[in-house]
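These notes are about the structure you will find just below.
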Amino acid sequence: MFPAFPRHVATATLFSACAVLAQSTAADEPEATRGHLIAANYGSANLPANLGVLVCDDAPGRDGIPVHFETEVNEPVYPEDFIVRGESGDIRPVFCVTFEPSDDVGDKRSILLVGDFGDADDQPASVEVVGDIWSTDFSLSYQGAYTDIIPLEAPPSLILAEVVPEEEWDLDNPGTPIPWGGGTGCPSEGTEQVLRVAWGGGILAVGGTEVTAQEWKRYTIAMRTEAGDIKLVKPFAVGDLNDQDNNHELCLDQRGTPLAVRFPAGLLVDPNNDVNERTRIRVNHDRDF
């Protein structure tokens with residue numbers, strides 16, 4: 001027969017064992033990696049009337065802030081998932097949020113915040129994710145992600161370039177005839193690979209019309225060939241047009257490893273009618289900013 005231990009010794013031992021087990025279990029559970037915001041723009045101080053149908057009744061005439069995540073994120077998202085602050089730290093109310101018009105396959109990393117954010121003389125300064133927003137594969141939690149807001153008067157610039165997986169190519173998609181209804185796809189004939197580039201906000205040609213070959217043929221891609229040489233190539237077509245969002249798909253008719261994308265100044269405008277400056281961005285192959 002084993003000797004009896006005093007009750008207080010047995011109880012203390014039990015609590016110690018439980019504490020060790022709890023610590024071991026917590027250590028075994030991987031912590032979620034925090035995702036990052038790659039940009040946020042004070043894109044518009046007067047949103048268009050059609051937002052009243054697409055987003056919320058309070059949208060027309062309000063302000064818009066596109067917020068850009070490093071990956072696509074899960075739906076749904078809510079206004080209370082975000083806090084926008086002014087320079088003094090005051091909170092600017094978010095009325096509604098939407099993926100529109102960036103809702104094509106691969107585009108759902110840009111969310112438009114709609115609210116009363118200020119004006120050209122009193123602009124919003126920062127945005128923070130306070131809600132439970134996750135990447136689509138649940139590898140990244142964006143809760144706590146923060147970034148300063150690019151001011152209203154800043155010219156549009158490239159914020160992302162990535163190789164599009166073949167399962168996302170959406171070839172020959174004609175798009176829709178309505179604004180913000182979904183963009184076009186690259187042509188099936190001739191497409192060897194596709195690059196997605198994203199701008200800080202919605203973009204159109206100077207003058208407010210949709211981008212045509214006159215503009216998109218000015219994209220230049222630095223590519224490493226299979227022989228190891230670096231050459232400059234142009235897209236033979238461009239997809240993700242006719243939806244007024246911040247994305248273009250550069251359709252390439254040759255193989256190789258894209259390294260960087262550049263675009264010259266003076267051809268595109270954002271919703272505030274700011275004209276783009278020369279912009280260049282490295283191509284990201286693993287989607288890990």
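Where a number appears in this text, it was derived from the coordinates with a stated rule and is not lab data. Nothing here was measured: the structure is a model prediction, and the numbers come from that model. Note that we place each Cβ from the backbone using ideal geometry, even for glycine, and neighbour counts take in every protein chain shown.
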Please report, to one decimal in angstroms, the Kirkwood hydrodynamic radius of segment 95-217 built from all distinct Cα-Cα pairs. 17.1
Of all C-alpha pairs within segment 33-148, those more than 19 angstrom apart amount in percent to 41
Estimate the FRET efficiency between GLU192 and THR33 by the formula 1/(1 + (r/R0)^6), using the beta-carbon distance for r and 35 Å for R0, to the nearest 0.05. 0.55
Might you report the magnitude of the Cβ-based charge dipole of segment 33-148 about its Cα centre, with Lys and Arg at +1 and Asp and Glu at -1, to the nearest 20 debye? 180
To make sure I understand, if each residue's beta carbon is the centre and we count other beta carbons within 10 Å, what order do VAL84, VAL164 fall in, fewest to most? VAL164, VAL84
More than 17 angstrom separation, counting every C-alpha pair in segment 158-282; what % is that? 55
So between ASN46 and ASN74, what do we pick up on full extension, going 0.36 nm a residue minus the alpha carbon distance? 7.3 nm
Residues listed by number, segment 82-100, amide nitrogen under 15 Å from ASN173 label point at 7 Å toward C-beta: 99-100
Counting just the Cα atoms, what span does segment 90-166 cover along each of its three principal axes? Round to the nearest Å and put the largest first. 45, 30, 19
Under 18 Å Cα to Cα from LYS217, which lysines show up? Leave out anything in the same chain fewer than 8 places away. LYS231, LYS234
